[in-house]
Amino acid sequence: MTGGLEVAGLRAAYGSAVVLTGVDLSVGPGEVVGLVGRNGAGKTTTLRAISGTIPRNAGGLSFGGVSLPTHPYRVARQGVIHVPEGRMVLRGLTVEENLAFGAAAVGAAFGAAERERALAWFPALRPLMARRAGLLSGGEQQMLAIARGLMARPRLLMVDEMSLGLAPRAVREVLDAVLSACREQGVALLMVDQNLRLLSAHCDRLYVLAGGATTRYDDPAGRTDAFWQSVYF
Amino acid sequence: MKRSFWLLSTAVAAVFVVAACGGSGTATSSGNGGATAPGVTSDTIQIGTTSALTGNVSGPATLTTNGAQAVFDKVNATGGIHGRKLKVNVLDDGYTAPKAVANARTFVDQPVFAVFGGYGTVPAQSIVPILEQAKVPYLFPYQGNPYPDTKYVFLMMPLYRNQTAAVIKEAIQKYGKGSVYALVGKTADTPQTVQVAQQATTDAGGKWLGYDEVNQGTTDYTPYVLRMKQAHPDFVLVSTTPTDCARYVTAMVAQGALPAKRILGLQTLATESFINAVPSEASDVLFAPGPNAAPSNKLAADCVATVHKYSPNTQVTMETLWGCGTAQVLVYALEKAGTNLTRDGLVKTLEGMHQIDAAPVLTPISFSASNHVGESSMYQFTSSGKQLASAGTMPIPDVKT
Amino acid sequence: MGLVGAAAISGVAVGFVYGMLAFSIVLLFKASGIPNFAQGNIATFGTFIVYLLAARTGLPLPVAIALGFLGTAALGVVIYLGGILPRGEAGTLNLAIRTLAIYLLLFAVMNLFWGVGQPFAFPRFLPAASVPVAGVSVSLLSVVTVAVALVLGGAFWLLYNRTATGLLLRGIADRPEVARLLGANTARLSAMAWLLAGLVAVVVGLLTVPTALLSSDMMDSFFLYAFTAALLGGMTSLPGAFVGGVAVGVVSNVVTVLRGQEISILAIFALLIAILLVRPDGLFGHGVVERL
Amino acid sequence: MFAARAHSRTLPFSLAILAALALLGLLPIDQGMRYIVVLSMAWGIAAVGLDLFSGYLGQANFGQFAFVGIGAYSITALRSEANVGVVPALLLTMALTAVLAAIVGAATVRLQHFGAALATFFFAFVLFNVLGGNTLDPVTHSENGLAVPPLSWGPLDFSATGEWLYWLAWAMLLAAVLVTSNYANSRAGRALRLIKRSESVAGTLGVRVRLAKLSAFVFSAVVAAAAGLPLSLAIGYLAPETFHFSNSITLFAMLVVGGIGSIAGALIGALIFTALPQLMQGAGAAEALLFAVIFLVFAIGLPDGIFGLLARAWQLAVRTPPGSRLAARRGSGASRVHVASAAPGPAPADGLRGPGGEDALVAEDVSVVFGGVRALDRVGLRVRSASIHALVGPNGAGKTTFLNCVSGLLRPTAGRVVVAGRDVGRSPTHEIRALGVSRTFQNPSLVPDLSVLDNVMLGLYGSHRWSLVRDLAGDWASRGRQRAVGEQAAAALEQVGVPAARWDVLASDLSLGEQKVVDIARAIAGGSRLLLLDEPTSGLGDAEMGPLADLLKRLRADHRLSILVVAHNIGFVQDTSDTVTVLDFGRVIAEGEPNRVIADPEVITAYLGVAEVGAEVSA
C-alpha cells in the first residue's frame, strides 16, 4: 500500500529497557487506523519513534514511499504530524496564535480561510480565540492541539490519547470533528487511545500492541466486547 | 581493589610534585655572580618592573613602561653604565594586589638590584612592605601616596594632597576668587585630600561648597553632576581615576553644568587620554598640574627623540615622557653611585641629590634622608582645541596635615 | 525642579539604556530559554568592532556601524552554534554556565588584543547639545536613546506579533519539542534569536559608549542593572523589559542623589531579591519557562 | 539542577593531593613558589566549600568569593583594629559569616531556576562596592586597602615570608577537605543529593528541603570565609580589587573544570588554575583567554571535569565490574554491615503497628479541585490493616492525585484522610511519614550516583535523631548511628529480596524492575505501617510483574503491612489485591472484590470506553 505510512520491524528502547521488540503497522492514504494495548505496552513509544522524538534502534519506516527522516521537524514537513500525549499546547500563546503556529511551523499560510476552516471543525474554540492557551480546560486544549496539527497541512495525523481526561460526550465531539476534518482534507488518521469500543466502531483496522509487538485485526467493528476484554485485560 | 586504589593516588601525587619542582626550577634563575650587590654582575644590572599591562588602566601603564624602556635601550646601546648593561624584567600585575605581591616576591628571589616604575596606588601600596623588608630600592612608581617611614622607597611626583592644595591656590591666584566644589574618588588618602582642599580654598579666600565621593566604575554620573550644579561653583576639583574623571566631566557637559571658571584636577587630568575623552567645551576650561612637560614643550625634545628612535610604535604622551624622565633619573643616580654599586650606595646617592636637572622633561629633583619625593614643583597645564599646553611651573609646597 | 525630580528624569534616560539591554536578554530568553550572562560583553565587543573600523582604519562612521552590526550578528550566531547548540539538552543551568564562560572569553579577547590604551574615546556621532526637560537639561544622547528604544521596541513588537517568524520565535521557548513536532526548525530559529540579540547589543553599546567610554569592562555594572530590569519585567515580556529598565534607572539615580551610590546598589539588590521572592514571574511575565 | 554526577568516597584521592602538597612543602622551594602554592591552597579551601553547595546540592552560586572577601577583611580588621588574637578572630568571623549567609541564603534558596545564580552574582557585585565604599570605611579603609598585620605564634612565623604559613594553609585545607567530605558522605550529604534529584521525593522521605539547602549554603560560606585567613596573610594587603566579583566566576569555573561534585575535583581545579597563571607570568590577558577557553570546553563537553576523566580512566584501567565504580567501599558499605538474622518484618517504627482489625487508612468524601476541574469528587476509601487494596481506573481518573493527598504532597480541598486515628489532611509530608505512611513514585527517583544501600538508608532520614554537627564530625562520631541505619536498610533490602551482591551497585546501573524494588525497600525501611505504591507495574514487562506481585503478597503475609497500590494492569490487581476501588473522572464508580468489580458493566465501560453516547451496553 504505497502512499501511506509503512512501519516494519520497529525496535525502540529507553536506556537499557527495550520497549518495542518488533512493531509492524501501516496506514494507507485517508485510512483511519487505531493502535491499542494495555497501559505501558508502548503505544506512546511507537508514535514517538515514528515522529523521531526518540531514536529508532531498528526497523524500516517510510511514508509515501520515502523513508522517514530522523529529525522530528523533517518528519513533520514530510506530512506526518504527531499530536503528542498530554496535548502540549503552547501556554504562552493565545488559541489563535497556537493555530497560526501550526501553520507557520511548516511555512504554510494562516489567513481568514484557514482560521474559519479550523473553527468550522471545532466551533467550541471560536469564543476562546484570544484566550491564553494555558487557561483552557482539558477538552478545549485537546481540540486546540488537534486543530493546530491540522493547520500544519498533514497527510497523516497521529493523535496520542485523544480521550485522556475527557468526558465521554466530549470524546464523541472531538472524534467526530477529527474524522470529518480528515475525510474532508484526505488526511490519514492513526489514533492511540484507551477507548477501545469507540476505536473499533470507527477504525478501518486495529493493531493491538502487547509484548512490544503488534497483532493486526482487520474487522474491528465485528468483534464482541468479550473478545476485546480477553485481549485487553 | 582498595590497595591498588592507593597506588593510583600516590602516583598522581608524585606527578604533581615533579611538575611543581619543575615549575619552581624556572622561578629561581641564576643567583648573583660574585658582584658587589644582589642583582648586579660584572656586566649587568638587573632591574624589576611590575606594571598594569592588563586591566582597565593598561593604557597609561604600558606607555610609562615603554617610555622608560626606550631610555634603557639607549643607555645600553651607548655602552651602558660603567660598562654594565641595564636588564629590565617587566611583569604584569593587572592593577591587582595578589599579582603585584607575587611579582615583588619573584624580584626578591631573582634577585633584582632595584624595582623601578609601575603604575597606580593599589600595586604600589601592596608591595612597599615586601620590598622595604627585603631592602630592595623601589623607585618612582606613578602614584602620589606618602610612604613616610620607608628607607628604600623613592617617589617622584608630588603627593596628591600637595598637588590638591597647590592647584587650588594657583587657580584662584590666576583666575580670581571663587567657590570650589569637589568630586573625590575613593583613592588612597581621600579624607586628607578633602580636608586639604577645603583648607587651601579658605586660605586663598575662596568659598568651599562641599564635595561628593564616588566609587570606581560608576555607570551614570548624572546624579553627581546634578548635586554639583545646584551649588553653581566657579571651580570644580575632580580627583579620581582618569576614566571616571572623563565620565564625570562628559556628564557635566551633557547637563550643561560646566563651572563658571575652571575645572581643576591633579596629574591624571593633564594627559592626552583625558583630553581626547572629554568634549572640547570641557577641556578648554581645564587647569591641572603635570609632573612632566607636555610633548609639545621643547624641554621634552630629548625624550621625544629617544622614544621615536628606540620605541618607534609607542605613542608619545604625557605618560610616555614620565617613563622616559624617571628612567633618566635612575640612570643618572646609577652612574653617580659609581662602579661598586650597592643598594645603600644608590640610596645615599639619591639622598645626596639637591635641585638636580637629571631629566630635562621633569622639574628639578631633590631628595634627602627625610624627603623621598623628588619633584617639588610641577608644570601648569591648560588645553585649547584638544591640544595640551604646559605654560610655566608652579611650586608644590609640602602641606602639613 | 527639585534635585530628586532632576535625578528621576535622568534616571528615565539611563533607564532606557538598561531597558534595551534587558530587552535583548528577554529576547534571547523568550526564544531559547537561556539567561545570557554574556549579553553585556557582546554589546562591548560589537562597540569595539565599530571603534576599530572607525577610529583605527579610518572608515566613515556609518560604514563602520553597518559592519559592526554585521560582525556582532555573526558573533551571536557563532556563539550559539559553537557554545550553546552542542549537547544543547544539558539543562538551562549548564547553558547559563556556558554563557558565563563566554563572558570571560570575550573579556579576555578584548583585553588581549585591544587592552593597551583603554579606555578609548569613541568618535563623536552626536553633538554634545542638551535639551532642557522640566528644568533638567537632558543630553541629546539620552533623547536619541529613548527614541531608538521606542523605535526598536515597536519594530520587535511588530516582528513578534505580526510575522510568522516572530510567532515561531515566541513559541519555541515554551515547548521546543512540540514546536519540532509541528515542523519548526528550532536550531535555525534559535540561531536567528542570537543574531537579533547581537544586533540589539550593538545598538545598546553605541548608545552607552559616548558617556561610559570604551573599555573591556564598560558594560559590567550596566549588565547587572539590566538583568534586574529584565526580571522586574518578568523575563518573558518585551514591554516589561523597558518598564523594568526605567524603574531601575529612576530608583538607582534618585537613591544615589539622596544617599550615595553604595546605598543605591544595595537598594537595587534588595529590589531584585524582593521580585524573585514575591513574584518570580516578575510584573509582566507569565509562567517562567521551567527547563531546569 | 546541575547535571553532573556527584561522586561518593573521594577522600582518598583528595588526601593523595594533600600528601603531594606536603611533600612539596618539605622541598627547598623559593619564596615566590611557596607564595603561589599558599595562594592556591587558600583558593582550594573556598573551592572545596563551594563544591558541597554546587556539586552535591546542584545549586548555582556565582558569588561565593564574596564570602572569602568577608572572611579576609573581617579577620584582618579584628586583628589590626581591635587587636583580637587570630583564633578568636577566625571563630568570630566564621560566626559573623554564618549569620550573614543565613540571611542571604534564606532568600537565595527560595529562588527557582537561575534566580539563585543571578542573586549570588549580584551579591558579589554589591560586596565589591561595599568594600570600596564609605559605609564600612573605618573598617575596610576602602580604596586605601587594609594592611594585614604579620602573624607569629611563639617561634612560628606565619607571615608571608616565613614558611610556617605554608603549613597553616595546608592544615586548614586538610580540615576543609575532611569536614566537607564528611558532610558530603554523611546522611545530610546524601539528603542534599536526593534534593538535587527531586525535591518532592526528598520531602516525602522526611527531608526538610529548605533547611537542608540553607545549611549547605551557610556551610560553604563559612568555609569560604575561613579561606580568608591564609589568603590575607599571604597577600599581606587587602584591596577591594582583590575581591572583584569576577573572581567568583573564576572560582565556579575551577569547580566545573576540576570536576564538580567530587571535592577532589574542586581541589584539582583550584590548585591548577591558581598556580598556572602565576607560573606562566606572561601577559595576563593571554592566560585569562586560555582559562576561559578551557572553562567553555569543559562546560560543554566534559561536565564531569578532570576528576571525571581520571575516574573514568581509572575505571577502565582496572576494569572494575561496571557495578561498583570508583566508590571504593570504605566505611558503612555492605561488608561492614553484618546482616543480623533478618528481624521479623520491617523493624516496627516504635510500635505504631495498629491492632489487627483497625483500618490502616480511612478516606471520607475527599475532594480536590484544580482551577475549575474536579480532580477528586467525594472519594471514600478504606484500607484494612494487613491487606492490599488496589485503586484502579483509566488514565486521568485521579488515582495519583489521591495518593498525593494521603502522602501530604497535596492538600485536599475537602474531606478527611485518617491514618492511625489522626486526620492528616493538613499535616506536612514529614509528619505523615513519621506516622509510618511511606510511598513510592511512578518513576522511582533514586539518586543515580548513590549506591543501592545509600539510597535505602535515605528512606530512614526522618526516623532517627540526627544532628548536622555529628555528621560533620564524620563517620567515627556517628558510627553507632550509621551502623544502626545500615542494618535497618539491609533488613529492608533483605525483605524485598535484593541480593547483597547488588547493594553496592550505583542506582543508575539498575534495571527499571530493580529500581522499583529498591524504591519499595527505601519506602519500608525503618518501619512502615501503610505503603502507598504509585503504579509499580508501569514500564515493567510481564516477566517482571510476577515477582513484584509475590513481593507484595509476602510483605502483606509475613510483615502484616497494609498496602494501597495504584495500578493499571487488571491481571496484576486480580492476582494481588484483597479489595479494589475503581475511580473514573475522580468519582468512585465501584468497590469490593476484584473479580466481582471487574465484571461490573460500568467498570468495563469506563475501561473500554463507550461506542455510542447512552447506547445500551452489551455484556
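Details
- Counts of other chain beta carbons within 10 angstrom of each beta carbon in peptide C:149-155 average 0.
- Degrees, to the nearest 10: D:86-108 long Cα axis against longest axis of chain D: 40 degrees
- By definition, a body whose alpha carbon gyration tensor gives a ≥ b ≥ c is oblate when a/c is 1.5 or more and a/b is not larger than b/c, and chain C fits this oblate description.
- Shape call, region B:257-401: gyration tensor on alpha carbons, a/c limit 1.5: oblate
- Exposure proxy ranking, count of Cβ atoms within 10 Å, fewest first, for B:116, D:370, C:29, C:69: D:370, C:69, C:29, B:116
- CD proxy at 222 nm, helix term only [per DSSP H run n ≥ 4: -39500 (n - 2.57); per residue of chain A; nearest 500]: -10500 deg cm²/dmol
- Burial ordering of D:170, C:194, fewest other beta-carbon atoms within 10 Å first: D:170, C:194
- Of all DSSP beta bridges confined to chain B, the antiparallel ones make up roughly 30%.
- Cβ-defined net charge surrounding residue D:125, 15 Å radius [Lys, Arg +1; Asp, Glu -1]: -4
- Dividing the summed -39500 (n - 2.57) terms of all DSSP H runs of n ≥ 4 by the residue count of chain D sets its mean residue ellipticity at 222 nm at -16500 deg cm²/dmol.
- Each of B:255, B:393, C:226 was scored by the projection of its Cα onto the charge dipole of the protein assembly as shown, and the greatest displacement toward the positive side belongs to C:226; charges sit on the C-beta of Lys, Arg, Asp and Glu.
- Cα gyration tensor shape for region B:137-262, rounded if a/c is under 1.5, else prolate or oblate: oblate
- Cα long-axis angle, helix A:95-105 against chain A (0 to 90 degrees, to the nearest 10): 60 degrees
- Average partner coverage of D:13-20, which counts Cβ from other chains inside 10 Å: 5
- Taking a straight Cα-Cα cut-off under 13 Å and skipping sequence neighbours fewer than 8 places away in the same chain, the aspartates and glutamates within cross-link reach of residue A:43 are A:24, A:85, A:160, A:161, A:193.
- Counting all C-alpha pairs of region D:444-528, share separated by more than 23 Å (%): 20 percent
- Highest average first, the peptides D:517-524, B:292-299, D:199-206 ordered by how many other beta carbon atoms sit within 10 Å of their residues are D:517-524, D:199-206, B:292-299.
- In summary, the aspartates and glutamates within cross-link reach of residue B:74, defined as a Cα separation below 20 angstrom excluding same-chain residues under 8 places away, comprise B:43, B:302, B:319, B:335, B:357.
- Peptide D:296-309, shielding by other chains (average Cβ, 10 Å cutoff): 3
- DSSP assigns beta bridges within the protein assembly as shown; of those with both partners inside it, close to 50 percent run antiparallel.
- Rounded to the nearest 10 degrees, the inclination of helix B:242-254 to the longest alpha-carbon principal axis of chain B is 20 degrees.
- Cα-based reach from residue B:177 at 29 Å (exclusive), listing lysines while leaving out same-chain residues under 8 positions away: B:169, B:186, B:207, B:229, B:261, B:386, B:400
- Bridges between two residues of region A:5-232, per DSSP, are antiparallel at a rate of about 55%.
- Size of charge dipole - the protein assembly as shown - debye, nearest 20, with Cβ of Lys, Arg +1 and Asp, Glu -1, no other charges: 720 debye
Bear in mind these aren't lab numbers, they're just calculated from the coordinates by the rules spelled out. It should be emphasised that the depicted structure is a prediction, and the values quoted were computed from it without experimental measurement. When we count neighbours, we look across all protein chains shown, and the Cβ atoms used for this are built from the backbone with ideal geometry, even at glycine.
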